[in-house]
Amino acid sequence: MTAPEAKARLRALLRERRAIRSDAERAAEGERLAGHAAALPAQTVAAFVGTKTEPPTLALLAALRAEGRRVLLPVLREDMDLEWAAFASPDALRPARLGLLEPAGPSLGLEAVAEAQLVLAPALAVDGDGRRLGQGGGSYDRALARAGAPVVAVVFDDEVLDEPIPVETHDRPVAGVLTPGRGLRWFGAPR
């Protein structure tokens, strides 16, 4: 089986597992994620707003802002690349394509991710060597190539896999993982 086929099969399995989580369970996991805000070592954090089945991140983003940190969120372009804009509050988000929420404020451009000292990236899973399985669109792989900061995948606890995740040449490894139960864990020294 080729890496793209193996990734597609693993994505389907993980999406199926995510779909059976209840809204109440996801909300509780989001609150647990927010409890780890103080452990994130950065004044400027590039992050994301979790969609329906992803780990909910709004409480975490609000906790970071309450600590006086700057939070950048992606703005999806037509070509599926990511620009970035400042997060002010959950009330200052607007619905966007693909069911995403984006800041209503002005775009800071493609390169704004380079201002972050830490990038929190969505993932379906990550393994112990920092191999990240994304949704398959490549948006984050392109954006992460412009980030100079350590990248941390945000997943549910059971999505940190023991078995290796198949990768392709364009896949970008992550330096760590953030989960609701275990918090922040680095894979070796932070990169």
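Points worth noting:
- Long-range tail of P(r) for the chain (Cα pairs > 20 Å, %): 51
- Treating r as the C-beta distance of residue 163 and residue 67 and R0 as 35 Å, the FRET efficiency rounds to 0.45.
- Interchain or long-range residues, amide H under 5 Å from residue 75's placed H: 83, 84, 85
- Helix-only mean residue ellipticity at 222 nm for the chain, each DSSP H run of n ≥ 4 adding -39500 (n - 2.57), per residue, nearest 500: -7000 deg cm²/dmol
- Listed residues 169, 51, 179, most fluctuating in the chain (Gaussian network, C-alpha, under 10 Å): 169
- Placing a pseudo-label 7 Å from each Cα along the Cα-to-Cβ vector at residue 25 and residue 11 gives an inter-label distance of 2.3 nm.
- Gyration tensor (alpha-carbon) shape descriptor, segment 107-152, a/c threshold 1.5: oblate
- By accessible area with a 1.4 Å probe, ligands and nucleic acids excluded, highest first: order of 20, 165: 20, 165
- For segment 1-31 versus segment 79-152, the spacing of their alpha-carbon centroids is 19 Å.
- Between residue 141 and residue 108, the modelled label-to-label distance comes to 2.6 nm, taking each label 7 Å out from Cα in the direction of the beta carbon.
- Max mean-square fluctuation residue, GNM over the chain, Cα-Cα springs under 10 Å, options 27, 143, 112: 27
- Most mobile listed residue (150, 41, 56) in the chain, GNM with C-alpha springs under 10 Å: 41
The values are calculated or read from the model by the stated rules, or taken from the named source; none is laboratory data. If you're wondering where the values come from, they're calculated on a predicted model, not measured in any experiment. As a convention, Cβ positions derive from the backbone with ideal geometry for all residues, glycine included, and neighbour counts pool all protein chains shown. Keep in mind that these areas ignore ligands, DNA and RNA; they rest on the heavy atoms of the full protein, side chains included. Shrake-Rupley method; radii C 1.70, N 1.55, O 1.52, S 1.80 Å.
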